[in-house]
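For reference, the structure discussed in these notes is given below.
Please treat every number below as a calculation from the coordinates, not as lab data. Since this is a predicted model, take the numbers as computed values, not measurements. Neighbour counts run over all protein chains shown; Cβ positions are idealised from the backbone, glycine included.
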Amino acid sequence: MTLAQQPTSVIIREEPGYHALIEKTLGKLIVSPEVLPYEIGNALIAGKKRKRHQLTDKDIHLAYARSQRIPVRLVQIRIDEALKLALRWNIYAYDAYYLQCARENELPLLSLDGNMLKIAKAMKITVME
């Protein structure tokens, strides 16, 4: 199972979909591109800067620490192939990294992003909704 970008924010803030996401991942191997920890850190700081959440500095450190307890196998992907996907589908490179990860590892994609799921289906990647 490849964890896509949208669940990154769910993991750190218990947004709607959090409990369903956790249930879907219990007992499963979660694989993610190596960018996941950086994305989590960025999401926490960006959320504070944009006032999307009321997390204190201490809360941000705790949220990051909690996210790191989730067993995820970080893998390298072929970024050149992911960039081709980003250009083909007109999506952000970060989204393409998760699609490429699913494709390279022949794993289903878990995402809350409808557009990403649509693209995955078009690419014949199994999705978990």
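Here is the tail figure for region 48-103: Cα pairs spaced more than 18 Å apart come to 55 percent of all pairs. Residues D59, D95, D80, arranged from fewest to most other Cβ atoms within 10 angstrom of their Cβ, appear as D80, D59, D95.
Anything over 32 Å Cα to Cα? Flag those among K24/K84; K51/K84; K24/K58, in the order listed. Table pairs above 32 Å Cα-Cα are K51/K84. Projecting the Cα positions of W89, N105, A43 onto the charge dipole of region 19-129 (unit charges on Cβ atoms of Lys, Arg, Asp and Glu, taken about the Cα centre) puts A43 furthest along the positive direction.
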